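Contents: one structure, followed by commentary.
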Amino acid sequence: MMLCRSMAIVLVAASVAFSEQVSPRYTLSMPEPWTHLFHVEVIFDSLPASETSLELIMPVWRTGRYVLFDFAGGVQEFSAVDAKGSPIAWEKTDKSTWKMATAGASTVRVNYRVYADEFDMRTKGLNDRYGFVDGTAVFMYVEQYRRSTLTLEVKPYGSWHVTTGLDALGNDANRFTAPDYDHLVDCPMFIGNQHDHVFTAGGKPHVLSVLGEGPYNPQDLIGDLSAIVEGAKEFWGSLPYERYVFMLHLWSGGGGGTEHINSTIIQMGTFSLSSSRGREGFQSVVAHEFFHTWNVKQIRPRGISPYDYRRENYAREYWIAEGTTSYYTPVILRKAGLRAPDRTLGRLARVIKQDRDRPGHRVQSLSESSFDAWIKFWREHPQSYNSETSYYEKGSMVSLLLDLTIRHHSKNRSSLDDVMRALLKGFPRDGQGYTVEDFRKLCEEYSGVSLQTFFKDYVDGTVSLPWETVLAYAGLEVTEEKSATTPWLGVMTRDRGGALIVTAVIAGSPAYDGWGALRRRVSGIQRASWSFAMTYCVNSPSASARLRFRTTRSRS
Ligand SMILES: [Zn+2]
């Protein structure tokens, strides 16, 4: 009996060792970048003779944005051959899977092209000036070799070079290695003539890589980045990487950022950094994305531990991943010395107003908003404001209330900071991830009281947030100022080439309640006069504040 067991262990160990020898080799080239086509080759060597087929999978989403992209839609000219160059038959078995009849071939060489013109989604982009790659949008994988070490060779176009968080292989600047597929695709790449500025912060090397053109002072930005790194290190205790890359893309297509394992991609308008407001916007995005280095890259909800690239990854904790990160963004900026404390109260007043004004906060809970992110939050429509909660915005609000509640009940001995650091310690990245119950228990541990009702009402329910009660813990009094003379129509608008477009009508507003009657009466010349009235409302100081409801969906 003992002998048989030993033999079985030996056989299993040999099998594992054998499968580990399959080390995928990826090559990425772009001989004609103006076509927006990346060329990808993947070679699998030392495949076991018993393996008669191989399934190559293209992810359907990328980390940081919880919505389906279906990257396989950009794939063309897929082909596969064996070591002798003989074609291997294949068929699609679902929208993102190519099944190859390898018939025991020890080597399989796969080639395909990817159409890449999606810079704004921070997934994949290529043109005659530069390229950007988020690996989930470009590289396919085989599930059983997803944990294998792998290599990547990039063949940049012309004089372009590569900037990425991946480790270089030897002294070759275009060859890289990754411990597994997950790491490969969590290290996005700039490929172009980007300017790389190396600096040290928190005792570790960092890179500011700037792609595109625009006015900026690298030393100013490095000063911002260094202060944020130091502030975040002070919060968390240490930096969970050996080297970090801040990737900054200056272009005309919009802003936002996405967190990755040891880098972040931040997009800003071409001239954004020439104004103090734009600079502050840069600092905010950096602080948010950098906080994610811990909260969601190290500390992960169970629903994304590990990532499932083939389908939606449901989690009721995205409000903690995103909203709590948003809550800590100004905290980190304050620690970094980049924000004065007196700005906090003015911002808080606007936050309370946002909460009370948004009808969706009384319809959808934070838990629902997180779980349904895949079908709602990223698929905004005119009714979204009335029927949905933003797990970013309301998640941030509830995080603030939770922080003050913990501080109040613990007599300021503990805070949400302690909960976040306990999460980091108790739920390491290679574990099974945390649940909202784990989070609640830690909050209760540090507050010393039951928070069942708090979570039932404000996380799983839609009870109005108790701003007056909880802010009083901090000595703050909330007063509501109402003006009977303030004109308010209750529409959300967007300027489109000089035309004011109504994008949504707020539930319960005069426009919402009177929309039907208004539509019947407005026609011809009357329509023009109604339009004037609406413009007046938009330009009215008090009404324009109301119009700041619109959520910013550029961050992820
Ligand atoms: Zn985020």
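The values are calculated or read from the model by the stated rules, or taken from the named source; none is laboratory data. Please read these numbers as outputs of a predicted model, since none were measured by experiment. Ideal geometry is used to build each Cβ from the backbone, glycine not excepted, and the neighbour counts take in all protein chains shown. To get the accessible areas, we keep the full protein, side chains included, count just its heavy atoms, and leave off ligands, DNA and RNA. Shrake-Rupley method; radii C 1.70, N 1.55, O 1.52, S 1.80 Å.
Below, the figures for the structure above:
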{"quantity": "Heavy-atom accessible surface of segment 224-371: percent carbon and sulfur, 1.4 Å", "calculated": "50 percent"}
{"quantity": "Acute angle (nearest 10 degrees) that the helix 2-20 long axis makes with the longest principal axis of the chain, alpha-carbon atoms", "calculated": "70 degrees"}
{"quantity": "Packing-based ranking, highest mean first, of 132-138, 346-352, 64-70 given that Cβ atoms within 10 Å are counted", "calculated": "132-138, 64-70, 346-352"}
{"quantity": "Angle in degrees between helix 436-447 and the longest Cα principal axis of the chain, rounded to the nearest 10", "calculated": "60 degrees"}
{"quantity": "Test item: Cα-centred dipole of the chain, Lys/Arg +1 and Asp/Glu -1 on Cβ, debye", "calculated": "1360 debye"}
{"quantity": "Positive-pole candidate from 265, 194, 52, dipole of the chain, charges at beta carbon", "calculated": "265"}
{"quantity": "Whole-Hz couplings from phi, Karplus 6.51/-1.76/1.60, listed for segment 373-388; x for Gly and Pro", "calculated": "3, 5, 10, 10, 3, 8, 10, 5, 9, x, 8, 4, 4, 7, 10, 10"}
{"quantity": "Cross-link reach list, lysines versus residue 204, counting only Cα pairs under 18 Å and skipping chain neighbours closer than eight places", "calculated": "233"}
{"quantity": "In Hz, Karplus ³J(HN,Hα) per residue of segment 455-471 (6.51, -1.76, 1.60; θ = phi - 60°; x = Gly, Pro)", "calculated": "5, 5, 7, 9, 9, 8, x, 10, 5, 4, 5, x, 4, 4, 5, 6, 5"}
{"quantity": "Relative contact order of the chain, pairs being alpha-carbon contacts under 8 Å that are 6 or more residues apart, as %", "calculated": "10 percent"}
{"quantity": "Normalised contact order of segment 208-351, rounded percent, pairs of Cα under 8 Å and 6 or more residues apart", "calculated": "24 percent"}
{"quantity": "Ordering of 75-83, 40-48, 329-337 by packing [mean C-beta count within 10 Å, highest first]", "calculated": "329-337, 40-48, 75-83"}
{"quantity": "Antiparallel content of DSSP bridges confined to the chain, in %, to 5", "calculated": "75 percent"}
{"quantity": "Overall dimensions of the chain by Cα: Rg and Dmax, Å", "calculated": "26.0, 94"}
{"quantity": "Whole-Å distance, taken between Cα centres, linking segment 45-98 and segment 171-232", "calculated": "31 Å"}
{"quantity": "Using alpha-carbon coordinates, inclination of helix 325-335 to the longest axis of the chain, degrees", "calculated": "80 degrees"}
{"quantity": "Area accessible to solvent at residue 294, 1.4 Å probe radius, in Å²", "calculated": "0 Å²"}
{"quantity": "The chain, accessible area per residue, ligands and nucleic acids excluded (1.4 Å, Å²)", "calculated": "45 Å²"}
{"quantity": "Built amide H within the under 5 Å cut-off of residue 493, gap 5+", "calculated": "503"}
{"quantity": "Å³ per residue enclosed by the Cα convex hull of segment 98-215", "calculated": "155 Å³"}
{"quantity": "Contour excess over end-to-end distance, with Cα ends at residue 173 and residue 97 and 0.36 nm allotted per residue", "calculated": "24.2 nm"}
{"quantity": "Sum of -39500 (n - 2.57) over DSSP H runs of 4+, divided by residues of the chain (222 nm, nearest 500)", "calculated": "-10000 deg cm²/dmol"}
{"quantity": "Amide H contacts under 5 Å for residue 256, placed H, 5+ residues apart", "calculated": "267"}
